[in-house]
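One structure, as structure tokens, below. Some questions next.
We did not get these values from a lab; they are worked out from the coordinates using the rules stated. It should be emphasised that the depicted structure is a prediction, and the values quoted were computed from it without experimental measurement. Counting neighbours? That spans all protein chains shown, and the Cβs are built from the backbone with ideal geometry, glycine included.
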Amino acid sequence: MTSLTFAQCFDPDGARFGIPTYPWRLAPEGLATRRQLRADGLRPGGQPIVAQLLRPRFRREPLVAYLYRVDLAKSVRPMTSRKWGALALAMLARRTCPQCSTDAGYVIPASLGMCVSCAYPEEQRAA
């Protein structure tokens, strides 16, 4: 896809892109992106994409945001105590250093694979 003009992003019939397409910030009432649905406490709930928004950019592919119908959206599932517990254990695993088996207090960097104290022991002794 080449760079588009603002006017080329308006295709409410879907003749050019296959689905109805609107310019950025000009979506019709009753349609929302995933983030907009989430802000209202909703989720798409398995419904198909109804339309898309395009934001043209200079010398690059346009930004695309998919739209869903608000009236078919379902409410977000609430977090249960078991989900909170599983999330806490997963975060603890990301903070635990595999080298020294201590809670680093931060998420271990994937580039190091261990806490900073284990990755650079000579600099820790100098300080």
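Run the dipole for the chain about the Cα centre, Lys and Arg Cβ at +1, Asp and Glu Cβ at -1, nothing else charged, and hand back the magnitude in debye, nearest 20.
Result for the chain is approximately 180 debye, rounded to the nearest 20.
Tell me the angle of helix 81-95 to the major Cα principal axis of the chain, expressed in degrees between 0 and 90 and rounded to the nearest ten.
60
Separate question: Farthest toward the dipole's positive end in the range 36-103, which of TYR66, LEU54, ALA86, given Cβ charges of +1 (Lys, Arg) and -1 (Asp, Glu) about the Cα centre?
Final value for the positive-end residue is LEU54.
Loop-only check: which trypsin sites (Lys or Arg not before Pro) in the range 18-47 are DSSP coil with at most 12 other Cβ within 10 angstrom?
Loop-located and lightly packed - ARG25.
Using θ = phi - 60° and the Karplus form 6.51 cos²θ - 1.76 cosθ + 1.60, what ³J(HN,Hα) does each residue of the range 51-65 get, whole Hz, x for Gly and Pro?
Computed from phi, the couplings for the range 51-65 are 7, 9, 10, 10, 10, x, 10, 6, 6, 9, 5, x, 6, 10, 10 Hz.
Moving to a separate point now. Considering only THR96, THR33, PHE10, whose Cα is most displaced toward the positive end of the charge dipole of the chain, charges sitting on Cβ of Lys, Arg (+1) and Asp, Glu (-1)?
The residue sitting most towards the positive pole is THR33.
Mean residue ellipticity at 222 nm from the helices of the chain, using -39,500 (n - 2.57) per DSSP H segment of n ≥ 4 over the full residue count, to the nearest 500 deg cm²/dmol?
-6500 deg cm²/dmol
Amide H to amide H under 5 Å from LEU67: which residues, 5+ apart in sequence or cross-chain, H placed 1.01 Å off N in plane?
For LEU67, whose amide H was placed from the backbone, the distant partners under 5 Å are VAL50, ALA51, GLN52, LEU53.
In percent, what relative contact order does the chain have, based on Cα pairs under 8 Å that are 6 or more apart in sequence?
Contact order relative to length: 19 percent.
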